[in-house]
Amino acid sequence: MPDGASNRQRTLLWLQSGGCGGCTMSLICAEQPDFLSALDAAGIRLLWHPSLSEATGSEFSAVIDGVRSGAIPLDILCLEGSVIHGPNGSGRFHVQAGTGTPMKELIAELAVLAGDVLAIGTCAAFGGITAGGANHVEATGLVYDGSDPGGLLGPSFRAHSGRPVINISGCPIHPGWVVETLLQLAFGTLRQGDLDALGRPRLYADHLVHHGCARNEYYEYKASAERLSNLGCLMEHLGCMATQVHADCNIRLWNGGSSCTRAGYPCISCTEPGFEDPSHPYLETPKLAGIPIGLPTDMPKAWFVALAALSKAATPNRVKMNAVADYIITPPTVVKGKPQK
């Protein structure tokens, strides 16, 4: 629904296509408020959700028919999972239960009726895991095929609001990314400038996963972990891509208190197109002449190499020892006396 068109309660329809349902599993972990309470507060009525709604079969079909006829307005259409085009573009690898209609046709039909269209998760945005490898199922996102414009709707698609598809990428999404975007839509505060170049909400995409990482002291001194259980930076040897990946995972913590890197696992770039097919094993850092190929997005390589050399030369012994340990073995020195001014 275009901003300011009406004060009536807005409607939301959620469809799932080629995916695992993990974004819904993450979404129902939303807290303060939970997902359904957030919808109530925003004045959004959930027409149907495959995991949260009791309606099935003919009841679901009645909702779809109501949207088709215009009797039920569709303000927000959410798609979770990639669009399945196979085999040979027919879409018959995934059909709507009980109808034989390819899901891709239903998605396309409803998208042109919707006030706004949201791709929930990296699969819906870019193809994601479902498009990995040889992509025999011909999976794409709504308006992207990997990092290339295309997908089901094409890059020129605009919903009735005038906005493009809003790509809330992540594998899975953080529930806060979805809830805040829906609140922005409900209160009419989301503008085109609030989306980045890939259509992702800037409320999370203006950050890098590196921001707020608990291992930043080790990163600053290039004191690197050698195995997953070590405390050091995961970038140099264990494939962490946090300095290149757009998300606020270490600022807006997951389940109220953690993130991949805080839990000891490197960032694998799950909010970015193509993360499902890296050119190297997830837990290995590709290098050229001993220098990691994947460097921070906006730092010249020569500067990084020079700073890394200086940082390693200045690494405190405490940081160096703790980096390759499984727990803090040397705590920071306690300096007695008054704090320095």
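The values are calculated or read from the model by the stated rules, or taken from the named source; none is laboratory data. Computed from a predicted model, the values in this text were never measured in an experiment. Using ideal geometry, Cβ is built from the backbone for each residue, glycine included, and neighbour counts are taken over all protein chains shown. The area values use the complete protein model at the heavy-atom level, side chains included, leaving out ligands, DNA and RNA. Shrake-Rupley method; radii C 1.70, N 1.55, O 1.52, S 1.80 Å.
Working note: Cα gyration tensor of the stretch 187-341, eigenvalues times five, square-rooted, sorted largest first, giving semi-axes of 29, 21, 16 Å.
Just to be sure I understand: with springs between alpha-carbon atoms less than 10 Å apart, which residue in Gln16, Gln32, Gln244 has the highest mean-square fluctuation in the Gaussian network model of the chain? Among Gln16, Gln32, Gln244, the largest mean-square fluctuation in the Gaussian network model of the chain belongs to Gln32.
Expressed to the nearest 5 percent, the antiparallel share of DSSP beta bridges inside the chain is 40 percent. Helices in the chain, meaning DSSP H runs of at least 4 residues, each add -39500 (n - 2.57). Divided by all residues, the mean residue ellipticity at 222 nm is -6500 deg cm²/dmol. Counting charges near Pro278 (Lys, Arg +1; Asp, Glu -1) among other residues having Cβ under 11 Å from its Cβ returns a value of -4.
With all protein chains in place and a 1.4 Å probe, the accessible surface of the chain carries 56 percent carbon and sulfur. In the chain, the alpha-carbon atoms span a convex hull of 171 Å³ per residue. A straight chain from Ser156 to Ile328 at 0.36 nm per residue would run longer than the Cα-Cα distance by 56.6 nm. Between Arg318 and Ser229, the modelled label-to-label distance comes to 2.5 nm, taking each label 7 Å out from Cα in the direction of the beta carbon. With a Cα-only, solvent-free Debye model of the stretch 1-146, what are the log10 I(q)/I(0) values at q = 0.13, 0.16, 0.17 Å⁻¹? Summing over Cα pairs of the stretch 1-146 leads to -0.59, -0.89, -1.00. How big is the antiparallel share of DSSP beta bridges in the stretch 65-141, given as a percent to the nearest 5? So the antiparallel bridges in the stretch 65-141 amount to around 40 percent.
Divide, for the stretch 138-239, the radius of gyration over alpha carbons by 2.2 N^0.38 Å, where N is the residue count. It is 1.40. Centre-to-centre, using Cα atoms only, the stretch 47-66 and the stretch 186-240 are separated by 38 Å.
Over the stretch 82-124, accessible surface divided per residue gives 34 Å², non-protein components excluded, 1.4 Å probe.
In this rough spin-label picture, where each label sits 7 Å from Cα along the Cβ direction, the Ser37-Ala134 distance is 4.9 nm. Label positions at Tyr265 and Ala55, each projected 7 Å from the Cα along the C-beta direction, are separated by 3.6 nm. Pairwise Cα separations in the stretch 93-159 fall into 5 Å bins from 0 onward with the following percentages, short to long: 4, 17, 25, 26, 18, 8, 1. The listed peptides 55-61, 140-146, 101-107, ordered by packing as a protection proxy, come out as 140-146, 101-107, 55-61 (highest mean of other Cβ atoms within 10 Å first). Summing +1 for each Lys or Arg and -1 for each Asp or Glu among the other residues whose beta-carbon sits under 13 angstrom from that of Gly232 gives +1.
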